[in-house]
Structure formats: structure tokens, C-alpha cells
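Engineer: The structure's right below; bear with me while I get my questions together.
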Amino acid sequence: MSAHKTVPFVDLSAQMPTVRAEIEQRFAKIIDTTSFILREHCDAFEEEFADYLGTRHAIGVGNGTDALVVALKALGVGPGDEVITAANSFIATAEAIVLAGAAPVLVDVDPVTFNLDSELVAEAVTSRTVAVIPVHLYGRPVDLSPLLALAERHGFAVLEDSAQAHGAVQEGHRVASVGALGCFSFYPTKNLGAFGDAGAIVTGDDALAERARKLRDHGGTAADEHLVAAQNSRMDSLQAAVLSVKLPHLDEWNAQRRQHAAGYARRVAERGLTDRIRVPAEHSGHVHHIYVTRVPGGRRDAVLAALRKAGVGAGVHYPRPIHLTEAFAHLDLAGRLPVSERLAGEILSLPMYPQLTEDDLDYVVDCLAAALDAA
Ligand SMILES: Cc1ncc(COP(=O)(O)O)c(C=O)c1O
């Protein structure tokens, strides 16, 4: 067992040496020009991000939840409509559907990929279905082909919640560039994170982009233009500048995350722990925003507590599926989404960020082995 140390769940300070000087320069320019919202800094990031993803438009907004709300409204989603999504997502995905005025239809997920089960999506489609929101959960791309075929057959939209999957690739395409629209959060701990809240909507469709631009800024794109009662969810220049500086590093950071994921899997196998802890199923385009394992047999909470006691920043994402939160209890789905419910009791997230060291991985897996032996 290696010497006692602390391995945090995420360490944002570890990436600062790479980006700090350039961010400070850009901040100084913003202070000098007092150009604080949208305009040149946001325009520049929008163009860079759209290019990176291989799509036509990126629209900067205030956060990832707003990105989903604005995207849904751009699609014309509103009262009387149903939107299908995954029961095990972060709650924001379902909240956005409610905020757009529609009804969330929560569907169960695949126990291996943790992502939407397309057969269950097919069963959930009704005449009111206007969109499905696949969530590339933990950074693992959803296989969109069956959902796109279903959407085409029934005439509804696919909106990719890519808040956890910046740069993830499925069949040669970056996620968010395949559905009608894609949405991102740049919450500071995301693979591409701002210095506060920020988000973006991306699309290859000119008309949807135009609508989203109006919907994020009081219903217009020119001064005193208010074509529709909308909201204020504009991206700040300071956040756009941070994101522009970080974006060129994203692929390398994601590659480091993948390397750490492989390092965890190798150590778990070498220690003979594979029947007591399941590592994420491999996918070459996975960007491991969160490294989520499974500890079956009712031992997760004991292992979690032992890891934390040993200084390892482990977590659970998320302790309750959306339908078991107070906010969505009225959907009356308890007991009806068994995979999401079972996973919530087994999932265990281990530290994951690009600057983890081999020593850190050794220590985490040493602690894990000890915790599993004691549990
Ligand atoms: C899957 C998913 N969707 C949406 C969001 C909402 O993003 P934000 O926190 O920026 O509003 C998040 C953020 O954590 C998320 O993980």
C-alpha cells in the first residue's frame, strides 16, 4: 500500500499553470475595452467552438440549463408537448423540459452504457412527443442511430444533452453535432469549464440558430428588437475568454482522461477486483467527464465511506434518479424504472481529471482494494 495522501475528486488548480497567463492577458483587455457581454469575445468563442465540433453555429448562453431551455423553445416546444429523456441524468435535463412548459417523460437506461435504452424510448413515444433528449452521460456518447431513425419516423427532434461530453466522438462525429441541436454546460468542473456559469447551444440549422439567438436575448438580435417575449441568458465576455483559451487544450485533456480510465481498469484487473467492482465499458470516443464504476452487492456505501476516510474524493452521480427526487415524485414512477433505481445504489465515481498522476491512481486503487476487502 502506498503512503497516505489525498486525491481530490477534481482539482481545477492543477490546470491553471497551463492557461493562467493567457487568461489574465485576455481579462486585462476586457477590462480595458469594457466589452463585458456577447460581442467580440463571445462571437470569437462561438466560432471556435462550432469549428471544433464540426457544426455551423454555436450560441453562447448563461449556463447549461438555459441552453436546454432555449434549445427546446427554439424547436417550438411548449405546453401540451412531451419530451423523452433519461431517468438517470442530472436533474437539469428534466427541469429544462418543465421550464419550457412541456412534460418530461422519463425512460430507463442500459445497465452497461448507462445511456438511454432506445427500445424503451420507442415504447414511450406518443402523439404528443416532440423531442427526445439523449444525455451523453459521464462523457460516454449515446449511439444516436436508433434514436435518429425513430425521430425521423415519428417526426420529432433529437436534442443532444452534451453537458458532460465536450469533445466526445461517436462514429467519427463529435457529440452535439448530429442531432437537430446540442447543448453544453461550461460549469467550472466540466471537461471544458469556465470561471463561473456558462453554456452553449449548437446546431447545423440556420433557422434554429437564428431563433436561439433571439431567445437568449430578450427576443431579438438587434438593439430594441423584441420579436418574442423571451429571456436573458447571454454569455459573459470573461467566460468566453476563458473558454477560448482552454478549448485548444481540450483534446489533450480528454486523451489524458482516457489514459487514466485505462489505468484504473488495468489496476482493477491486476488486483483481481473485477467481480467486486465494474469499471466503465470501453468506448474509444468516451471523454470520462466522471469516472463511474459499479459496486454491486449492497457494498457501495461502505466502500464510499472508506475511500473518503482514506482521503480519496469519491462520489455518487447521482444518488437518486430524477423520478425519485421530491421535485419529480409526482410523476409516480417509483419502482417502474428498475435499471436506473438499481444503478443509483451501485454507482461509485472515482477521482478523474487530466492532471492525475500514476501515483494518484495507485493510491486510489490501493484504497479501493482495502475498502472492498473490508466491506
Ligand atoms: C447532463 C447535464 N445536463 C445539464 C446540466 C446543466 O448545466 P448547468 O449546471 O450549467 O446549468 C448539467 C450540469 O451539470 C448536466 O450535467
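Engineer: Return the subset of LYS73/LYS214; LYS190/LYS246; LYS5/LYS190 for which the Cα-Cα distance in this structure is over 22 Å, preserving the input order.
Structural biologist: On the way: LYS73/LYS214 11 Å; LYS190/LYS246 12 Å; LYS5/LYS190 25 Å.
The pairs that break the limit, which is 22 Å between Cα atoms, are LYS5/LYS190.
Engineer: I want to check the label-to-label distance for ALA44 and PHE27. Put each point 7 Å from Cα in the C-beta direction and report it in nm to one decimal.
Structural biologist: It is 1.6 nm.
Engineer: In the stretch 251-312, what percent of the accessible surface is made up of carbon and sulfur (1.4 Å probe, ligands and nucleic acids excluded)? Kindly include the intermediate steps, with their values, before the conclusion.
Structural biologist: Numbers: 1370 of 2920 Å².
Roughly 47 percent, rounded to a whole number.
Engineer: For GLY62, what residues show an amide H to amide H distance below 5 Å, using hydrogens built from the backbone and excluding near sequence neighbours?
Structural biologist: GLY199, ARG234
Engineer: Still on this structure: Run the numbers for LEU12 and ALA281: contour at 0.36 nm per residue of separation, minus the present Cα-Cα distance, in nm.
Structural biologist: Once the chain is fully extended between LEU12 and ALA281, it gains 94.2 nm.
Engineer: By average Cβ neighbour count within 10 Å, what is the ranking of 128-134, 273-279, 187-193 from highest down?
Structural biologist: Per-residue mean Cβ counts within 10 Å order the peptides as 128-134, 187-193, 273-279.
Engineer: OK, next. Ranked highest first by the average count of other Cβ atoms within 10 Å around their residues, in what order do 12-19, 99-106 fall?
Structural biologist: On the way: 12-19: 12.8, 99-106: 19.6.
The peptides rank, most packed first, as 99-106, 12-19.
Engineer: GNM on the chain, C-alpha springs below 10 Å: top fluctuator among PRO321, PRO141, PRO296?
Structural biologist: Most flexible of the set in this elastic network: PRO296.
Engineer: Calculated FRET efficiency, THR274 and ASP224, Cβ-Cβ r, R0 56 Å, to nearest 0.05?
Structural biologist: 0.35
Engineer: Among VAL125, VAL61, TYR353, whose Cα projects farthest towards the positive end of the dipole of the chain, with charges put on the beta-carbon of Lys, Arg (+1) and Asp, Glu (-1)?
Structural biologist: TYR353
Engineer: Now, a different point. Can you work out the FRET efficiency for the pair ARG308 and VAL19, with r the C-beta to C-beta distance and R0 = 35 Å, to the nearest 0.05?
Structural biologist: Numbers: r = 30 Å, r/R0 = 0.85.
For R0 = 35 Å, the calculated efficiency reads 0.75.
Engineer: Per residue, how much accessible area does the stretch 250-374 show when a 1.4 Å probe rolls over the protein heavy atoms, in square angstrom? Provide the component values of the computation, followed by the final result.
Structural biologist: On the way: 5330 Å² over 125 residues.
Ligands and nucleic acids excluded, the figure is 43 Å² per residue.
Engineer: Below 8 Å between Cα atoms, with a sequence gap of 6+, how large is the relative contact order for the chain in percent?
Structural biologist: Numbers: 768 pairs, mean separation 83.8, N = 375.
Here the relative contact order equals 22 percent.
Engineer: Based on Cβ point charges of +1 for Lys and Arg and -1 for Asp and Glu, what charge dipole magnitude is obtained for the stretch 191-230 about its Cα centre, in debye rounded to the nearest 20?
Structural biologist: Details: 4 positive and 7 negative charges, 20 e Å.
Roughly 100 debye for the stretch 191-230.
Engineer: Now, a different point. Please give the length that would be gained between ARG153 and GLU358 if that part of the chain were fully extended, namely 0.36 nm times their separation in residues minus their C-alpha to C-alpha distance (nm, one decimal). All intermediate terms of the calculation are to be shown ahead of the outcome.
Structural biologist: Numbers: separation 205, 0.36 × 205 = 73.80 nm, distance 4.85 nm.
Answer, rounded to one decimal: 68.9 nm.
Engineer: Let me ask something else. Hey, got the dipole for the stretch 250-374? About the Cα centre, +1 on K and R Cβ, -1 on D and E Cβ, debye to the nearest 20? Each step should come with its number before you reach the end.
Structural biologist: Details: 15 positive and 16 negative charges, 71 e Å.
With only Lys, Arg, Asp and Glu charged at Cβ, the dipole is about 340 debye.
Engineer: Mind jotting down the distance between the C-alpha centroids of the stretch 310-375 and the stretch 112-189, whole Å?
Structural biologist: 23 Å
The values are calculated or read from the model by the stated rules, or taken from the named source; none is laboratory data. The structure displayed is predicted, hence computed values, not measured ones. Every residue, glycine as well, gets a Cβ built from its backbone with ideal geometry; the counts of neighbours run over all protein chains shown. These accessible areas exclude ligands, DNA and RNA; they are computed on the full protein's heavy atoms, side chains included. Shrake-Rupley method; radii C 1.70, N 1.55, O 1.52, S 1.80 Å.
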